[in-house]
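Here is the structure we will look at, set down as structure tokens.
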Amino acid sequence: MLQSIHDVPDWGLGTLIGVAWAVVLVAAIYEYRTGSRSRRRFYQTICVGVFWVAYGLLQISTALAGAAEVAVVALAVGCVPIGIVAAIRWRRSDDPDGRGDATG
């Protein structure tokens, strides 16, 4: 993989990206559940976030071997359909300006 930060290994960068986006996803779920985030914006965040988490997991897998590597790659691959479904729901949502309530 292309390293964008000098002397930072792929797995380290992947861990940083994965953890950061996992925090963003947890915050988005919390905001959606409390009603302070619209459904459209929630799907948008999930769509983008799970693809970044998948990328981070693939970066982490470069430091692993054997069954652990296969498990992490499988988890990353499992994130892709979630992102695709969230993208479809985001696209189909009927709130063009993103200001609808979180229950609608």
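Here, each number is a calculation from the coordinates, and none is a lab measurement. What you see is a predicted model, and the numbers here were worked out from it, not measured in a lab.
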Per residue convex hull volume, Cα atoms of the stretch 17-94, in Å³
70
Linear extension gain, residue 94 paired with residue 75, 0.36 nm per residue minus alpha-carbon span:
3.7 nm
Enter the angle in degrees (range 0 to 90, nearest 10) between the Cα long axis of helix 67-92 and the first principal axis of the Cα atoms of the chain, meaning the one along which they spread out most.
20
Short version: ³J(HN,Hα) in whole Hz for each residue of the stretch 16-24, in order, from phi by Karplus 6.51 cos²θ - 1.76 cosθ + 1.60 (θ = phi - 60°), x for Gly and Pro, what are they?
4, 5, x, 5, 4, 6, 5, 5, 4
Can you compute the helix-only [θ] at 222 nm over the chain? Use -39500 (n - 2.57) per DSSP H run of at least 4 residues, normalise by all residues, nearest 500 deg cm²/dmol.
-25000 deg cm²/dmol
